[in-house]
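Read-outs: derived from the displayed coordinates by stated rules, not from any lab. Predicted model only: the values in this text are computed from it and were never measured. Here the Cβ positions follow ideal geometry from the backbone for every residue, glycine too, while neighbour counts run over all protein chains shown.
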Amino acid sequence: MGMIIGSSIKKLMVGYPTVSDKYDVAGATVTGSSAVKFGDPLMWDSGTQNANGYYVKKAASTVTAANFAGFAVATNVKLASGFPGTTVETVAGEAINLLVKGYIAVDIAASSSIKSSILPGAKLYITSAGVLTLTSLNNVDTGYVLTGAFEIVEEDSAGSNYEYIIEIGKE
C-alpha cells in the first residue's frame, strides 16, 4: 500500500474545488501561446474580448486589477495526454472553467517559509508577472482569501525553495 500512496495521501489537489457543492464557474476559452494548468491564474485576453470569455495565462507583461479574471478549475473530462499523466494542460482554443466563486486549491512558491502567514482570512495577491504571493506591496489583490488549510510541497532552506498548496475561497 505504501508504494501506491507514498508517505501520505494528498489532501489538496491543485486546481480542484475543495468544497464540492459550493463553487460557481463560467465557461472560458484559452487563448495565447501559454498552456493553462488547473489552478493557474487567468487574465482577460484583451479589452475587446472581455464579454466573450477569452482568457490567457498571463496578459501581456503586466497583471492588473482590471485584467485579473480568476483561476482555472479542474474538470473531469480533461486528461493527461500520456501515461503516467502528471500534468494536464489546456491549450489555445480549448475550453476551461473559470472559478467565479467558491473554494479551490492553488500552488504558491516563495523564497522563504510562509507557513506562519497562511492564516484564515489572509488575502491572496498576484504580482505583475502573474505569480501568486501573500505580500500586498505593489501587488494586485485577487479578491480571494486563504482558509488556513495548506500542504507543504517543498521546504528547502538551503536552496531557498519553498512551495505550498493552499486553499483559497471567494464568496
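Of note:
- For the stretch 84-127, backbone nitrogen atoms closer than 11 Å to the point 7 Å from residue 155 Cα along Cα-to-C-beta are found at 113-116.
- Amide H to amide H distances under 5 Å link residue 28 with 96, 98, where only residues 5 or more positions off or on other chains count and H is placed in the peptide plane.
- The order of 64, 142, going from fewest to most other C-beta atoms within 10 Å of their C-beta, is 64, 142.
- Separation of the stretch 103-171 and the stretch 18-44, taken as the distance between their Cα centroids, equals 18 angstrom.
- Protection proxy ranking, peptides 151-157, 24-30, 118-124, average beta carbon neighbours within 10 Å, highest first: 24-30, 118-124, 151-157
- Value of relative contact order over the stretch 95-171, rounded to a whole percent, pairs C-alpha under 8 Å and six or more apart: 39
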